1. Considering only DSSP states other than H, G, I, E and B, which trypsin sites (Lys or Arg not before Pro) in segment A:48-92 qualify as loop sites with at most 11 other Cβ atoms within 10 Å?
2. Relative to the first principal axis of the alpha-carbon coordinates of chain A, what is the inclination of helix A:141-166, with its axis defined by its Cα atoms, in degrees from 0 to 90 and to the nearest 10?
3. Measuring with a 1.4 Å probe in the full set of protein chains, what accessible area per residue, in whole Å², belongs to chain A?
4. Where the label is 7 Å out from Cα toward Cβ, how close does B:Lys36 come to the same position in every other copy, in nm, shortest first?
5. Rounded to the nearest 20 debye, what is the charge dipole size of segment A:2-88 about its Cα centre when +1 sits on each Lys and Arg Cβ and -1 on each Asp and Glu Cβ?
6. Give the relative contact order (percent, whole number) for chain A; include only Cα pairs under 8 Å separated by 6+ residues.
7. Identify, for chain B, the residue whose C-beta comes nearest the rotation axis onto chain A, and round that distance to whole Å.
8. Distance cut-off 24 Å, Cα to Cα: go down the list A:Lys3/B:Lys46; A:Lys46/B:Lys3; A:Lys3/A:Lys37; A:Lys46/B:Lys46 and report the pairs above it.
Number of protein chains: 2
Amino acid sequence: MEKELLLLGILRRQELHGYRLAEFIEHNLGSCTDLKKSTAYYLLEKLAAAGWVAFTQDQAGKRPARRVYRLTEAGEAAFQRLLRQHLAAFTPPYFTDDIPLAFMDLLPPAEALGLLEERRAAAAEHLSQLRAAPAHPGPAQWMVAHQIRFLENELLWLQELEEHLQSPSTHPTPLSE
Amino acid sequence: MEKELLLLGILRRQELHGYRLAEFIEHNLGSCTDLKKSTAYYLLEKLAAAGWVAFTQDQAGKRPARRVYRLTEAGEAAFQRLLRQHLAAFTPPYFTDDIPLAFMDLLPPAEALGLLEERRAAAAEHLSQLRAAPAHPGPAQWMVAHQIRFLENELLWLQELEEHLQSPSTHPTPLSE
DNA sequence: ATCTGAATAGTCAAACCTGACTATTCACAA
DNA sequence: TTGTGAATAGTCAGGTTTGACTATTCAGAT
């Protein structure tokens, strides 16, 4: 339900139609969520069916009427409940990028090393993109901060992984001690 | 395609029928992937349609015939290609748990703090579960190691977040400097 | 005045994923 | 030998997500 929570939280601040909402998410939260435009439309209909948002038709000129969504009272209650519930919960994430690590041993160490260096370069690039971002002040601050924190840790981890591949003996194996 | 890569990599080592495959994943990789049994069946059919795996009917007694899947040559080629491609790539993960952070400021700081403490306790619990796991040696070593590394960083980050909530002035705000 | 490409606004079929369900076999206790 | 619960093996309807598509409006170039 986290995506629903996000939509509720945004609509709570200001009423919007689907396109604006999706645009807002893409521009402000693009680095923190994978919610796509078509998913947003889908979820808006679901929220409307649940009575958590309502909409009015906004007929401007001859173009197809836009649905302008706003939070209902039931929606506000749901938002409050979901916010608390999900703030207290911890869900371990799954890293799809980790799957190839399970088969690294099938490659010549030198090749694996080269590929991991590519990966680390991509991660480093991504991190500097994030750091360079317009530093827009807003509710996404903590989300971005966490993402940065995560990436910094990833870079360290990838470096250690590479060091292990270079000289397995002098560097600790994963779960060792 | 990472999930497909995982299935290919497992079938490459040994031919299996759907149930064994799903069981293997659940037991050995449960903490690292969210691949479910029914998804495995779905993907197996997809892989078969693509010609990357083939199956033989294994009729034992009166029970419905089991499909025993094995890697084809095309599957081996695909595996080699996908392994290199995904080992070199970096895909930023999205943390659904971060979404509520965007709305933390709507709660009284004391309440937010309490909820975050719950979250950190859950994360710590999860970490010790992982650490206590049977330390099965296998190809999943690096995946588990990464997960542990990630969780350690998460705990530190949550602690800092809590400290900031307790005394915003003396602890740095997210993107500050 | 008209043309063109970008921005706006949204739809839809197809792909993906999952929980809940069915059905058989097996171990073993009663 | 019969009943019971766990393990085995898989299916399927329904929910979710997405890329690709349509269609309108608008700003500025020609």
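1. Within segment A:48-92, the qualifying trypsin sites (Lys or Arg not before Pro) (loop, at most 11 other Cβ atoms within 10 Å) are A:Lys62.
2. That works out to roughly 20 degrees.
3. Counting only protein heavy atoms, the per-residue value for chain A is 51 Å².
4. 2.0
5. Computed charge dipole of segment A:2-88: roughly 200 debye.
6. Rounded, it is 21 percent for chain A.
7. Per the B/A rotation axis, the closest residue of B reads B:Asn153, 2.
8. A:Lys3/B:Lys46; A:Lys46/B:Lys3; A:Lys46/B:Lys46
The values are calculated or read from the model by the stated rules, or taken from the named source; none is laboratory data. Note that the structure is a prediction, hence the values are computed from the model and not measured. Positions of Cβ are backbone-derived with ideal geometry, glycine not excepted, and every protein chain shown enters the neighbour counts. The accessibility values were calculated without ligands, DNA or RNA, using every heavy atom of the protein model including side chains. Shrake-Rupley method; radii C 1.70, N 1.55, O 1.52, S 1.80 Å.
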